[in-house]
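See below for the structure under consideration.
The values are calculated or read from the model by the stated rules, or taken from the named source; none is laboratory data. Bear in mind the structure is a predicted one, so any value in this text is a computation, not a measurement. When we count neighbours, we look across all protein chains shown, and the Cβ atoms used for this are built from the backbone with ideal geometry, even at glycine. Just the protein is used for accessible areas: all its heavy atoms, side chains included, with ligands, DNA and RNA removed. Shrake-Rupley method; radii C 1.70, N 1.55, O 1.52, S 1.80 Å.
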Amino acid sequence: MTKAIGRPGDSAAVRALRLDDVIATYLVDGVLAMRPTMFFPGIPREYWSARPELLAAGGELLMSAGGLLIELDRKVLLIDAGVGTTTTDFAFGSVNCGSMLDVLRGVGRRPENIDVVAFTHLHFDHVGWAFTNGAKTFPNARYVLAAKEFAPYASGTHRADRTTPSPMSRANATATLEMSSYRLFAILWNAVSGATGNGTTTSLISSPCCRTLSR
């Protein structure tokens, strides 16, 4: 019987998955230990009390942070950029991250090798390595975001919260990001990181002209 992955309390691992000529590698950045009643305020406290197996010994909900490296035809795409070098406690829990660039080098790539960085959205655990000391961490990459995701920031209607770091909502981000009319999906992320539940199957249908993912 195959050992389950992504179980509560398991350490995150660097995993690679090949689908036809696509290689997807989960790059671990670190761990988030979140207070479930703060992070999910809509879920009653009793829900967590009845399910201690979902929580760590201190009552935290452990989550892996990182990014997904996609390699195809000598092109290298990074989906999301982790948290960045951060070890801190805050209202939602604690963060211990900062290893993603080391992991990237460990799999034979450097920041300069990334062609495109695609952000699914702009929360802190998805954009942390976007900039380093005000400069792009991935200097040769195009930074891409779905236009609908950035629209609230561009219009000034975004409600400020603690999940979006200020560098991604200031003018430098506006100048750096390219807008796309397409929404990015995380099917590959789920397959590689083990984030999906049991019974989920991801398959690749490929032809000389196109390919699609289904589950």
*asked:* Under the 0.36 nm per residue contour assumption, what length would be gained going from the current alpha-carbon distance of R18 and L54 to full extension?
replied: 10.0 nm
*In terms of modelled amide H atoms, which long-range or inter-chain residues lie less than 5 Å from the amide H of T120?*
D80
*Which sequence of I114, I43 reflects their accessible areas, 1.4 Å probe, from the largest down?*
I43, I114
*Principal semi-axes in Å for the range 92-134 [√(5λ), Cα gyration tensor, largest first]*: 20, 15, 10
*Sticking with the crude label model, points 7 Å out along Cα→Cβ, report the distance from K75 to T88 in nm, one decimal please.*
3.5 nm
